[in-house]
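Undergrad: Questions regarding the structure given below will be posed in turn.
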Amino acid sequence: MIKTAPDGIKEVVPPLSDADVEALRAGDRVRISGILYTGRDAAHARFLPLMDEEQPLPIDVRGQILYYTGPSPARPGMVIGSVGPTTGSRMDKYAPKLLALGLKGMMGKGSRSREVREALKRHKGVYFGAVGGAGAILSQFVKKAEVIAYEDLGTEAIRRLEVENFPAIVVNDCHGGDLYEEGMRQYAR
Amino acid sequence: MREIHVSAITDAVKKLCMEANYELEPDMLRAFDRALQTERSPAGRQVLQLLKENAELARTRKIPYCQDTGFVVCFVELGQDVYVVGGLLEEAINEGVRQGYTEGYLRASIVRSPFDRKNTGDNTPAVVHLELVPGPQLKIMVMAKGGGCENRSKYKMLTPADGLEGVKEWILECIRTAGPDACPPLIAGVGVGGTFEKAALLSKKALFRELGSSNPDPAVDAIEKEVLDRANRLGIGPQGYGGDTTALGIHILTYPCHITSLPVAVTIECHAHRAAPGAPRPPRHPLADLAPHGTLA
């Protein structure tokens, strides 16, 4: 159930249902609280043969949000280092398969392919944008972080993050909405 | 002849790597403020405001403002009257990178081979561009180049018939296709002329110029201003959410070229412009004569 706070920002708490995803529209500002899983290029490359052979992935993606990020190392006493988004399009090759397995959300920055946007419609998924190059401030919303798979990948390992009020915006919704296209159309002169 | 020990170079590079990642340059912060005055998009203004807060937090807590702490690119201007002693220049630079990234809690983002993709673990090696210059000075400019925007950098060999308008169109095409992916607002470093590799090198070096400064060549300055204005009419805006602030600067460097050629390279740089120019001194005070930030010798 997605609630809208008095400031107009939607509260997103994974795991997400189809109805949750349907309630989100491109351009909606959101605050995410709960669990985010991190994964980027190298982890996705390891997912691929597993998905092709219908083997289990190291995380149950159903209902979850995958955050495309490779954090910088945490200083002593800190939960995590800088933790902003990386470019989502590099994960385009893998995203439709993950959405078919029940992944509901992805978070990154930058445009997604037509195939991914179609898969969002087909499987009821959503793509959030986090502000790129703002990894220091975004680290403040992470309350706990632990590596849960592929530790050998270093920054590219899969981490389970507990976040509170992590700020993001809906870029691609499951209705075909695209913030990048709409924004550009509105402000082009 | 002036001797510079490699340890001074290592110390300087180490410090510059950290500074480049913790401290966003004042010219970038001023550019955010200028953009906040003209940006019509509420989402765009929120992004710019967040980036200012992010820079402040990074500076005070000494955490990198972007988790991508970059590929270290060093432009070294080595005076012909300088004699580097105690080891090899490039090894000294790499040792500085190793120490800076390990001790500074900066991310290791470099893989040892483009094919096996094993992380080197300490962000080495750097990419080093060495230029011999007159005099007894050694100047090292460090840029920790972000990968997301670098991936949107492009090169095109235009023809003399394409001319100036072709060059402008190509720069705009690079910015348009970079779109939201390269973390706008961005800077376009442009190298025009020379050969294939010369244009690319100039496009990177152009990024060290102070943001908001004029090109010393008035004709090129006019081109930069026109392209910047046209880029900011594309509507891409901060983070691509729509808006008036797509680019913060177009910096062009030129070089003579062949009668058949018009090479144009565009390095796309995001707002997280991790650059720190500096010059090492003899060992005891390795950084006392740091050049003013943002200037190019």
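Undergrad: Would you rank A:LEU50, B:LEU78 by solvent-accessible area, highest first, keeping every protein chain in place and using a 1.4 Å probe?
TA: A:LEU50, B:LEU78
Undergrad: Between the stretch A:5-84 and the stretch B:108-135, what's the alpha-carbon centroid distance in Å?
TA: When both Cα centres are located, 31 Å separates them.
Undergrad: Name the residues whose placed amide hydrogens come within less than 5 Å of the amide hydrogen of B:VAL82, ignoring near sequence neighbours (fewer than 5 apart) on the same chain.
TA: Distant-sequence amide H within range of B:VAL82: B:ARG2.
Undergrad: A further question on this structure: Mind checking which lysines have their C-alpha under 23 Å from A:LYS109, skipping anything on the same chain fewer than 8 residues away?
TA: Answer for A:LYS109, where 23 Å is the Cα cut-off: A:LYS10, A:LYS93, A:LYS97, A:LYS121, A:LYS124, A:LYS143, A:LYS144, B:LYS52, B:LYS145, B:LYS154, listed by chain and number.
Undergrad: Give me the mean projected area, in nm² to one decimal, of the convex hull enclosing the Cα positions of the stretch A:100-187.
TA: Approximately 7.2 nm², given one-decimal rounding.
Undergrad: From the residues A:VAL12, A:ALA168, A:ALA42, which one has its Cα farthest along the dipole of chain A in the positive direction, the dipole being from +1 and -1 charges on Cβ of Lys/Arg and Asp/Glu about the Cα centre?
TA: Value computed over the given set: A:ALA168.
Undergrad: If packing is taken as the average count of other Cβ atoms within 10 Å, what order do B:39-48, B:241-250 fall into, highest mean first?
TA: My ranking of the peptides, most packed first, is B:241-250, B:39-48.
Undergrad: Here is a further query. Can you work out the FRET efficiency for the pair A:LYS3 and B:CYS257, with r the C-beta to C-beta distance and R0 = 56 Å, to the nearest 0.05?
TA: 0.40
Undergrad: Take the alpha carbon atoms of the stretch B:47-94, find their center, do the same for the stretch A:85-146, and report the distance between the two centers in whole angstrom.
TA: 29 Å
Undergrad: Follow-up question, since we're still on this one. I need to check one value: relative contact order of the stretch B:72-168, counting alpha carbon pairs closer than 8 Å and at least 6 residues apart, in percent.
TA: Value for the stretch B:72-168: 44 percent.
Undergrad: Still on this structure: List the residues whose amide H sits under 5 Å from the amide H of A:TYR67, counting only those 5 or more places along or on another chain, with H placed 1.01 Å from N in the peptide plane.
TA: Result for A:TYR67 returns A:TYR37, A:THR38, A:GLY39, A:MET107.
Undergrad: Using a probe of 1.4 angstrom, how much of the accessible area of the protein assembly as shown is carbon and sulfur, in percent?
TA: That fraction is 53 percent.
Undergrad: Which lysines, if any, have their Cα less than 20 Å from the Cα of B:LYS225, not counting same-chain residues under 8 positions apart?
TA: Within the straight-line cut-off, B:LYS225 pairs with B:LYS168, B:LYS204, B:LYS205.
Undergrad: Any cysteines in chain B with zero other Cys Cβ atoms under 4.7 Å from their Cβ? List them, or say none.
TA: B:CYS17, B:CYS66, B:CYS74, B:CYS174, B:CYS257
Undergrad: Next question, about the same structure. Using a 10 Å cut-off on Cβ to Cβ distances, tally the other chain neighbours for every residue of B:53-66 and report the average as a whole number.
TA: Across the residues of B:53-66, the mean count of other-chain Cβ atoms within 10 Å is 6.
Undergrad: For the stretch B:148-269, what does the accessible surface come to per residue with a 1.4 Å probe? Please give it in Å².
TA: Dividing the accessible area of the stretch B:148-269 by its residue count gives 36 Å².
Undergrad: What translational diffusion coefficient, in µm²/s and rounded to a whole number, does the Stokes-Einstein relation yield for chain B at 10 °C and a viscosity of 1.306 mPa s, taking the hydrodynamic radius as the Kirkwood radius over Cα pairs?
TA: Calculated translational D: 81 µm²/s.
Undergrad: OK, next. Name the shape class, rounded, prolate or oblate, that the alpha-carbon gyration tensor gives for the stretch B:21-80, where a ≥ b ≥ c are the square roots of its eigenvalues, rounded holds for a/c under 1.5, and otherwise prolate holds if a/b is larger than b/c and oblate otherwise.
TA: prolate
Undergrad: If I stretch the segment between B:THR120 and B:GLU3 completely, what's the gain in nm (0.36 nm per residue apart, minus their alpha carbon distance), one decimal?
TA: Taking 0.36 nm per residue and subtracting the Cα distance, the gain is 39.0 nm.
Undergrad: The stretch A:3-187: percent of C-alpha pairs farther apart than 19 Å?
TA: When all Cα pairs of the stretch A:3-187 are counted, 54 percent exceed 19 Å.
The values are calculated or read from the model by the stated rules, or taken from the named source; none is laboratory data. Computed from a predicted structure; not experimentally measured. Backbone-built Cβ (ideal geometry, glycine too); neighbour counts: all protein chains shown. All accessible areas refer to the heavy atoms of the entire protein, side chains included, with ligands and DNA or RNA removed. Shrake-Rupley method; radii C 1.70, N 1.55, O 1.52, S 1.80 Å.
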